[in-house]
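The values are calculated or read from the model by the stated rules, or taken from the named source; none is laboratory data. Keep in mind it's a predicted model, so treat the numbers as computed, not measured. When we count neighbours, we look across all protein chains shown, and the Cβ atoms used for this are built from the backbone with ideal geometry, even at glycine. Ligands, DNA and RNA are stripped out before the accessible areas are found, and what is left, the full protein with its side chains, is counted by its heavy atoms. Shrake-Rupley method; radii C 1.70, N 1.55, O 1.52, S 1.80 Å.
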Amino acid sequence: MPTRLSVVMIAKNAADLLPDCLASVQWADEIVLLDSGSDDNTVELARSLGAQVHVNTDWQGYGIQRQRAQALATGDYVLMIDTDERVTPELENSLRDTLAAPEPGAVYSIARRNYFLGRFMRHSGWYPDRVLRLYERERWQYNDNQVHESLDSRGAKVVELKGDLKHLTCRDFAEFQRKQLAYATAWAQERHQKGKKTSLAGIFGHTLGALIKTLILRGGVLDGAQGWLLSVVNAQYTFNKYTELWALNRSFSKKA
């Protein structure tokens, strides 16, 4: 029997992104979208474009929501994507070839081409930015992380696919910053719950390290103005994460 592919995604208020995203994966055997409580027309639009739409508003983080979405799929393999991503024709061909003769137990990595303020980045740690997105539905799933979730595929062979996944990471800077702040808060809360701590030295050390890593070690200077700006944004995000963790540590100590 042919290998069936389920494209799986989670969404909230993504109506402006869905048409192009879904158009790039219409060739899949099924498209499953789990909405977390949109108040725009994401649900209605996704259904009209052929997706199987479900709703679960009990948000417990990105990892759990991806697990729930995957549980609704029926294909042999899952391609997990986001609404701000698009499968390029070259990647589609690579996916089709792979599914014609998949390697049992292997997981497949895809290069993401990330967009930042008018430019698809070629350096800065944002390309090739390989992510594990194609895998056997009954063998692997995402971990429970609230943010920066990843496929729990320890011990699996990783095979690199050809072609890119276009990722519209930052089209609107203000919205991007809001998301970054939300991610930083969730990251700090998760670490705090696990008993992690930091110090002033830790805050500034990690912040400076993020700046140097993006700008120099990952070649941000080669991405022009966007590379410099992204280096500062990454440093700011790191500062927010560790400052929030530091604040939570202090708040807990005072209550104790």
If I take all pairs of Cα atoms in the stretch 1-108, what percentage of them are more than 16 Å from each other? 56 percent
What number, rounded to the nearest 500 deg cm²/dmol, is the helix-based mean residue ellipticity at 222 nm of the chain, given -39500 (n - 2.57) per DSSP H run of at least four residues and division by all its residues? -13000 deg cm²/dmol
With the 1.4 Å probe rolled over protein heavy atoms, the stretch 179-256 has an accessible area per residue in Å² of 59 Å²
For D152, list long-range residues whose amide hydrogen, built 1.01 Å from N in the peptide plane, is under 5 Å from its own amide hydrogen. Q141, Y142, N143
First select every other residue whose beta carbon is under 12 angstrom from the beta carbon of A156; then total the charges, Lys and Arg +1, Asp and Glu -1. 0
Hey, if you drop one equal point scatterer on each alpha-carbon of the stretch 72-133 and run the Debye formula without solvent, what base-10 log of I(q)/I(0) do you get at q = 0.21, 0.23 Å⁻¹? -0.97, -1.11
Cα-based Lys pair tally, the chain, threshold under 18 Å, eight or more apart or on separate chains: 11
Ordering R154, R178, R137 by accessible area with a probe of 1.4 Å, largest first, what comes out? R154, R178, R137
Calculate the dipole size of the chain relative to its Cα centre from +1 charges on Lys and Arg beta carbons and -1 charges on Asp and Glu beta carbons; express the result in debye to the nearest 20. 1280 debye
Round to the nearest 10 and report in Å² the accessible area of L200, as given by a 1.4 Å probe over the protein chains' heavy atoms. 100 Å²
What number, in percent, do you get for the relative contact order of the stretch 92-155 if the mean sequence gap of Cα pairs under 8 Å and at least 6 apart is divided by its residue count? 27 percent
What percentage of all Cα-Cα pairs in the stretch 99-181 are separated by more than 14 Å? 69 percent
Average accessible area per residue (Å²) across the stretch 9-149 - probe 1.4 Å, nucleic acids and ligands excluded: 43 Å²
Taking a ≥ b ≥ c as the square roots of the Cα gyration tensor eigenvalues, with a/c under 1.5 meaning rounded and otherwise prolate when a/b beats b/c, else oblate, which class fits the stretch 135-249? oblate
Of the heavy-atom accessible surface of the chain (probe 1.4 angstrom), what whole percent is carbon and sulfur? 52 percent
Placing one equal point scatterer on each C-alpha of the chain and summing with Debye, one gets log10 I(q)/I(0) at q = 0.07, 0.10, 0.16, 0.17 Å⁻¹ equal to -0.26, -0.55, -1.32, -1.42
Everything considered on the Cα gyration tensor (a ≥ b ≥ c; rounded for a/c under 1.5, else prolate if a/b is larger than b/c, else oblate), the stretch 21-80 must be described as oblate
The stretch 61-100 - convex hull of the alpha-carbon atoms, volume per residue in Å³: 77 Å³
